[in-house]
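Only one structure is covered here, and it is reproduced in the block below.
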Amino acid sequence: MHVLGGKKIKGFEDVSFSVKRGEFLAIIGSSGSGKSSLLKCMYRTYLADSGSMLYHGDSGSVIDLTTASDHEILAIRRNEVGYVSQLLQVVPRTIAVDVIAEPLLQRGIGIDDARDAASGYLARLRIPEDLWDAYPSTFSGGERQRVNIARALIRAPRLLLLDEPTSALDPASTAVVVGMLRGVNPGTTMIGIFHDLSVVRELADRVVVMKDNRMAGIGTPEEIL
Ligand SMILES: Nc1ncnc2c1ncn2[C@@H]1O[C@H](COP(=O)(O)OP(=O)(O)O)[C@@H](O)[C@H]1O
Ligand SMILES: [Mg+2]
């Protein structure tokens with residue numbers, strides 16, 4: 001870290017797992033154990049300087065996410081891999097329905113159809129209708145989080161990375177989001193960080209436990225929890 005006089009931050013050690021197509025892998029562990037960093041490495045927000053992460057594409061291609069070019073990473077971000085961050089990066093001067101519709105517009109879908117699809121998500125996620133054409137910068141944490149989730153789901157990614165998608169939600173909204181995630185196309189693979197172990201029990205096929213930037217365990221929810 002340049003700002004701290006070249007201080008080195010320890011990376012990961014002994015982290016190794018594979019995720020099958022359509023599987024839901026949960027990552028749990030205490031705060032600071034490296035969960036978000038691991039997800040950011042997969043999305044290439046962070047660049048790992050050793051190790052490998054092999055992504056198997058639809059066409060039979062295999063991409064090592066640690067060494068792929070930025071161009072390849074942008075292409076799979078656009079077409080295949082979605083990421084829901086802990087905090088919504090609000091798109092300036094864009095109303096909620098368009099924040100969600102935007103990925104469809106980028107794919108060439110017309111504005112009316114894109115907004116219809118976006119409105120469907122807003123309704124299912126129980127965002128009050130008078131907020132649909134408001135700016136998410138004024139939204140509560142839970143409302144923003146739901147907009148974020150809708151924006152990711154609307155693209156129907158092959159791989160969805162979720163960083164504590166229910167952390168700002170009350171129990172009713174958590175139940176809605178859990179229901180939506182359960183209803184995602186079975187061909188979609190999901191890797192999600194969760195604090196709420198009851199959510200892990202409901203969603204996960206397998207669980208990875210992180211501790212001090214190491215993988216402390218992997219197994220089914222029954223084995224781990
Ligand atoms: N960009 C960064 N700069 C400095 N330290 C970081 C950075 N990202 C993560 N860390 C450190 O790495 C450790 C793991 O962080 P993180 O992956 O966010 O943990 P978790 O999501 O499990 O709470 C923490 O000690 C955190 O401070
Ligand atoms: Mg985190």
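We did not get these values from a lab; they are worked out from the coordinates using the rules stated. Computed from a prediction, not measured in an experiment: that's the story for all the values here. Backbone-built Cβ (ideal geometry, glycine too); neighbour counts: all protein chains shown.
Annotations
- Averaging over all projection directions, the Cα-based convex hull of the range 182-225 occupies 3.4 nm² in the image plane.
- Around Asp113: net Lys/Arg minus Asp/Glu count, Cβ-Cβ under 14 Å: -2
- Panel values: the chain, Kirkwood radius from alpha carbon pairs, Stokes-Einstein at 20 °C and 1.002 mPa s, translational diffusion coefficient 116 µm²/s.
- Fewest-first ranking of Leu169, Leu54, using other Cβ atoms within 10 Å as the exposure measure: Leu54, Leu169
- Among Leu4, Leu25, the order by Cβ neighbours within 10 angstrom, fewest to most, reads Leu4, Leu25.
- DSSP-defined antiparallel bridges as percent of all bridges, the chain, nearest 5: 30
- Range of Cα positions in the range 19-151 per principal axis (Å), largest first: 48, 38, 28
- Here the spin labels are modelled as points 7 Å beyond Cα on the Cα-Cβ line, and at Gln106 and Ala68 they lie 1.4 nm apart.
- C-alpha center-to-center spacing [the range 147-218, the range 53-71] in angstrom: 22
- Membrane-span-like helices in the chain (whole DSSP H runs, Cα extent of at least 30 Å along the helix axis, mean Kyte-Doolittle hydropathy of at least -1.0): none found.
- Over the chain, relative contact order from alpha-carbon pairs under 8 Å, at least 6 apart, %: 31
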